[in-house]
Amino acid sequence: MVYCAYCGKSFTRKEHLERHIPSHTNVKPHRCSACQLSFARRDLLQRHHSTFHEPRDPMEPLPGGVPTIAGRTPIACQNCANAKTGCDKRVPCSRCSEKNLPCSARFARRSSKAAVRAAQASAAFQGTLSQSPQQMSQPQTVNPSFMEVEQNGAKGDNGKSPSTIEAVINVDGQGSPKRSSPAHSHVSPTEFPSPHTRIDGLDDFMLGSDFTHGPESTYQDLLVWPDYPMELEMYPSTVPLARNDISMPAFTELSDISATSEPMTASSSRGSIHTRGTSIMSSSDFENGIKPAELAMAAPTDSSIPEFEVVIAAEGAWNLARCNPPMYTGTCPRTAIVHLECLEQKSKQEGTWSSLEKYLEHTDWDASDLASVVPLTSRTRDKMLAITQSFLHKALEIHRGGINGYPKAGYASPGDFNFIVLPPSRILEYFLRSYVRSLSVYYPLVMAGCVDPNEMLQNNQASTLLVLLMIAQGAAAMPMAEARYLSAGLTETCRISLFDIVEKDVELSADPIALRCALLFIVLGAWSGDKWLMDIAMGQRGMYMSMLKHAGMLEPQQSMIPAFNNTTSAELQWRSWLNRESQNRLVHNYVMLDQELSLFHDTAPLFAITELRCPLPGSEVLWMASTAEQWLAAVQSVYGCTANVNPQLLSAPSLTPSLHDLFQDFLSDNLSRRQGSLSPQQLRLILHPLQSLLCHLRQMLSCFSDVLSSRRNGARTVTKASTMLRLEEVQALLQKWYELTMTYHKANPNCPITRCNLVLYHLISLNAVTNFPEIERLARREGFDGSYWELSLRHKRCISQREEAIFHCGQVFRLLRLMPNNRRPSWWSAAMYRATLILWTDSISRLDPNFQTDKRENATGSTSPVAIDQVTPEDPAVIAYLWNGDGVAVLTQLDGMTVNLDKPADVLIYAVKNIESGFSSRVGDGIKRKLIALRNNWSGSVDTMGAPTT
């Protein structure tokens with residue numbers, strides 16, 4: 001017996017007392033989703049809803065109201081009934097979700113009055129449809145995912161919209177011709193079709209009347225940022241999914257339409273709450289905004305994976321590749337909820353991963369790839385699924401919180417609960433191998449070159465997050481739509497969970513596993529091609545680097561070389577060395593990431609060379625040892641470490657230097673005292689302070705005027721000439737670095753890290769002879785009046801040494817094309833973009849006849865073509881071109897045809913085709929669209945250039 005604390009009334013059950021308490025407190029927790037009227041009791045809300053609001057289909061109740069499923073009233077689940085506690089009657093309920101208990105819906109034996117009335121209303125509505133003259137010829141129920149919507153038959157003869165959409169089932173297999181991808185494209189293969197047929201007309205159908213455009217409109221018209229307002233309160237709880245001129249029949253939920261190798265062509269009803277358009281824009285929609293003369297330029301988009309239109313619209317506000325007029329806004333796109341709900345909806349569809357399984361059947365593996373991942377056990381996969389489910393629930397709850405139509409628990413309706421179905425173990429293992437193959441080469445953090453997910457999941461939540469981020473990275477490198485959806489959804493899920501566990505346990509801010517998760521997230525987010533993730537990654541980069549610094553991992557340490565004696569255990573020494581070595585490698589992986597992000601975003605690095613005092617990563621032979629015996633033999637081979645050697649000699653700083661010590665020796669030409677030659681990782685780390693020094697000098701040069709000369713007020717005044725001398729000194733240091741790298745490259749010509757280092761070297765060298773932010777301003781036509789005089793002035797401001805800039809651009813193309821498609825770094829398309837824009841700027845300047853005349857008058861050498869993207873820097877033709885100006889620089893296409901640099905449009909086409917030849921990624925597809933838009937923006941003004949515009 002329980003009693004009320006207010007009036008003393010007795011109750012036999014606790015639930016009855018809880019129902020009675022609101023009569024004293026005036027708390028009304030049950031709110032009607034239709035009129036926002038609150039009630040103290042649930043049954044009162046049900047009576048109000050059935051009396052004043054017309055219900056929808058009884059199988060799909062209004063969100064927030066009291067639902068009736070299958071014509072019966074839901075009751076408490078079995079777990080809550082056994083515990084005799086309150087249940088919110090959702091599936092799963094909040095109590096079962098918190099305790100990770102299996103939850104299933106239960107219903108009363110008798111049908112409720114609201115259900116009976118709703119059933120009668122639905123029967124009357126279906127009877128009205130059956131009497132309509134535009135009804136379908138075959139009345140049986142057809143899955144909408146197997147229909148092909150006829151786009152041209154949207155309206156009747158009288159100009160009025162019909163009551164239903166004319167759908168034709170493709171029985172004989174004949175329909176619109178299937179597009180075939182070129183042989184060199186790396187996209188979802190057509191021989192592995194989706195188990196569901198795509199609704200081709202639904203892309204335009206989902207755009208609505210606000211997105212209709214004629215043949216004269218450009219694609220840029222679809223990217224107007226105000227069309228994507230983010231004030232969520234302005235949207236109702238449900239957004240109609242139909243155009244004004246088309247009425248939708250009573251289909252099943254559109255989010256159930258699945259497409260495995262094609263994206264979801266319809267957004268879920270929940271996604272429309274956050275954005276006006278969360279459907280996918282196909283390549284055909286992209287072509288409609290392009291003029292017929294530009295179809296050749298738009299052809300590469302046919303082989304791209306279709307993308308969410310809200311993601312495409314947000315590309316104009318990227319923090320890199322800003323060659324088109326930006327769209328500044330105070331709000332951010334709701335792409336995160338789109339990715340999360342796409343991951344959730346894909347998990348509800350059968351056969352989602354079937355095309356991936358067929359794709360893997362035709363994948364050839366070498367022995368090193370197969371040995372890089374330990375197979376998943378069934379227990380590990382179940383544990384991973386349960387933890388991922390809780391992570392997804394938290395992410396959806398955060399993004400849905402405070403939005404009209406969503407309860408605080410994060411569920412929209414009892415039949416719309418959150419769950420995720422991970423791919424089969426074989427596909428997960430493939431993603432992990434893809435991570436090892438594509439990313440761990442450039443960020444070496446995989447111990448012994450093998451990932452063991454079974455062992456990692458036995459640790460804390462941070463280890464599980466690390467495995468999920470590895471899967472997301474491996475999926476991002478796979479050229480299929482399902483892998484892209486999985487990668488984006490897991491990245492956002494892990495980002496939220498990582499921040500959450502660090503806030504709950506502040507000691508994890510110094511945990512190497514958590515900081516490694518942060519490193520992997522920054523890499524994924526910065527090169528995701530999604531504005532939300534790109535901005536978050538760049539913003540949280542400084543936060544996690546500060547955690548690394550405050551954890552003391554950058555400080556000097558004792559010698560990394562162990563001192564052995566007769567009582568030393570080799571196993572303990574190995575474990576201790578691995579712990580310290582993993583932390584040092586983590587620090588220098590952050591240094592390499594800092595260098596890359598600052599290079600492509602044209603910002604100064606965050607790390608200072610004076611802070612990097614921890615020892616450099618050790619030899620790869622020691623790191624790849626899988627047992628203590630192998631490690632001990634490698635230590636004795638590398639350092640000569642035995643019991644007879646004086647430990648003081650082994651603790652010398654020359655054997656375990658820091659990056660600060662190494663750069664000091666590099667500046668003073670004292671590298672000979674180091675043991676052996678520099679490794680590729682050490683050479684790559686030296687580029688960090690060189691780039692930092694070059695970035696600061698470039699910022700100084702941008703502050704000097706191009707017209708007015710500075711006066712010397714004293715002996716120590718900084719002038720443009722003195723800054724240029726400092727810049728030449730940095731170029732001399734870059735040349736010395738190049739000679740050291742080529743010495744290693746000749747001994748190891750197939751080293752992928754060395755090729756990556758050379759690409760970074762050429763990009764840094766381009767920053768020494770060009771002003772890339774100024775080049776992007778010219779591409780956006782900022783402050784450009786269209787005259788030849790202004791064009792010549794801007795060219796001098798953008799490119800200071802023309803021949804050297806053209807040479808470095810060609811070498812970037814050459815080195816990137818030599819890399820295998822599945823082993824290229826994440827930023828390879830951005831590197832190609834920078835080289836392309838520099839060549840495009842030079843070709844735009846050649847439109848000035850005075851520019852061409854000045855060059856031809858002093859030309860005394862040969863005019864033979866020099867393929868700058870084919871020959872090496874040691875080639876005599878390149879040397880003659882750089883020193884004497886002999887020859888004409890050209891580019892070579894994939895088919896062997898040459899491209900002259902005097903046509904800006906041809907340069908952009910060359911870049912688009914090269915990006916398309918690599919593996920398809922979201923950031924690469926976005927850069928292709930930006931280059932196409934750049935060509936369209938300048939196509940009409942090139943012919944009219946010559947006089948200032950008024």
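Between Asn900 and Val888, what is the label-point separation in nm under the 7 Å Cα-to-beta-carbon projection?
0.5
What's the ranking of 384-392, 903-911 by average number of surrounding C-beta atoms within 10 Å, highest first? If you can, show how the numbers build up before the last one.
Details: 384-392: 19.0, 903-911: 21.6.
So the order, starting with the most tightly packed, is 903-911, 384-392.
Between Ala34 and Glu774, what length comes free when the chain is fully extended (0.36 nm per residue of separation minus the Cα-Cα distance, one decimal in nm)?
Going from the current span to full extension adds 261.0 nm.
In terms of modelled amide H atoms, which long-range or inter-chain residues lie less than 5 Å from the amide H of Ile75?
So Ile75 has HN proximity to Arg106, Phe107, Ala108.
Looking at this model, which pairs from Lys531/Lys796; Lys348/Lys394; Lys549/Lys736 are more than 21 angstrom apart at the alpha-carbon? Don't skip to the answer; put the middle values down first.
Numbers: Lys531/Lys796 33 Å; Lys348/Lys394 18 Å; Lys549/Lys736 31 Å.
From Lys531/Lys796; Lys348/Lys394; Lys549/Lys736, over 21 Å: Lys531/Lys796; Lys549/Lys736.
Based on the Cβ-Cβ distance of Leu725 and Ala448, what FRET efficiency does E = 1/(1 + (r/R0)^6) give at R0 = 45 Å, to the nearest 0.05? Don't skip to the end; give the middle numbers.
Values: r = 49 Å, r/R0 = 1.08.
Once rounded, the FRET efficiency stands at 0.40.
What accessible area per residue comes out for the stretch 415-486, rounded to a whole number of Å², with a 1.4 Å probe?
24
So if I take the centroid of the Cα atoms in the stretch 343-359 and the same for the stretch 686-706, what is the distance between those two points in Å?
Result: 49 Å between the Cα centres.
Take the Cα atoms of the stretch 522-629, build their convex hull, and give its volume per residue in Å³.
122
Using mean Cβ contacts within 10 Å as the protection proxy, how do 5-13, 346-354 order, highest first?
Going by the mean number of other Cβ atoms within 10 Å, highest first, we get 346-354, 5-13.
Can you quote the Å³ per residue value for the convex hull of the Cα atoms in the stretch 764-840, rounded to an integer?
Cα-based convex hull of the stretch 764-840, divided per residue, equals 90 Å³.
In nm, to one decimal, how far is the modelled label at Lys549 from the one at Leu101, with both set 7 Å along Cα→Cβ?
Output for this residue pair reads 4.9 nm.
Sorted by accessible area with a 1.4 angstrom probe, largest first, how do Ser440, Ser939 fall? Walk me through the intermediate numbers first.
Values: Ser440 15, Ser939 55 Å².
Descending accessible area places them as Ser939, Ser440.
Out of the total accessible area of the stretch 812-852 (probe 1.4 Å, heavy atoms of protein only), what percent is carbon and sulfur?
It is 50 percent, rounded to a whole number.
Sorted by average packing, counted as other Cβ atoms within 10 angstrom per residue and highest first, what order do 871-878, 615-622, 684-691 take?
684-691, 615-622, 871-878
Taking the Cβ-Cβ separation of Lys14 and Ala510 as r and a Förster radius of 30 Å, what is the calculated FRET efficiency to the nearest 0.05?
Numbers: r = 45 Å, r/R0 = 1.51.
The calculated FRET efficiency here is 0.10.
For Val373, list long-range residues whose amide hydrogen, built 1.01 Å from N in the peptide plane, is under 5 Å from its own amide hydrogen.
Val451
Provide Lys736, Lys928 ordered by accessible surface of protein heavy atoms (probe 1.4 Å), highest first.
On the way: Lys736 45, Lys928 10 Å².
Largest to smallest exposure gives the sequence Lys736, Lys928.
So how much slack lies between Arg575 and Lys394, counting 0.36 nm per residue of separation and subtracting their Cα-Cα distance, in nm?
61.6 nm
Residue-wise, which Karplus ³J(HN,Hα) couplings in Hz belong to the stretch 794-807, taking 6.51 cos²θ - 1.76 cosθ + 1.60, θ = phi - 60°, and x for glycine or proline?
My calculation for the stretch 794-807 gives 5, 5, 5, 6, 8, 10, 8, 10, 5, 4, 5, 5, 5, 4 Hz in order.
Mind listing the long-range amide H neighbours of Ala867? Cut-off is under 5 Å, sequence gap 5 or more, other chains count too, H placed in the peptide plane at 1.01 Å from N.
Excluding prolines and chain starts, which carry no amide H, the hits are Val890.
Take the alpha carbon atoms of the stretch 441-557, find their radius of gyration, then divide it by 2.2 N^0.38 Å using N residues; give the quotient.
1.06
At a Förster distance of 30 Å, what's the computed FRET efficiency of Tyr328 paired with Leu701, Cβ-Cβ distance as r, to 0.05?
0.65
Could you give the length gained on full extension between Ser425 and Ala747, defined as 0.36 nm per residue of separation minus the Cα-Cα distance, in nm?
Separation in residues times 0.36 nm, less the Cα-Cα distance, equals 111.9 nm.
The values are calculated or read from the model by the stated rules, or taken from the named source; none is laboratory data. Just so you know, these numbers come straight off a predicted model, no measurement behind them. Glycine gets a Cβ as well: all are built from the backbone with ideal geometry, and neighbour counts include every protein chain shown. Remember, those area values only see protein heavy atoms, side chains included, never the ligands or the DNA or RNA. Shrake-Rupley method; radii C 1.70, N 1.55, O 1.52, S 1.80 Å.
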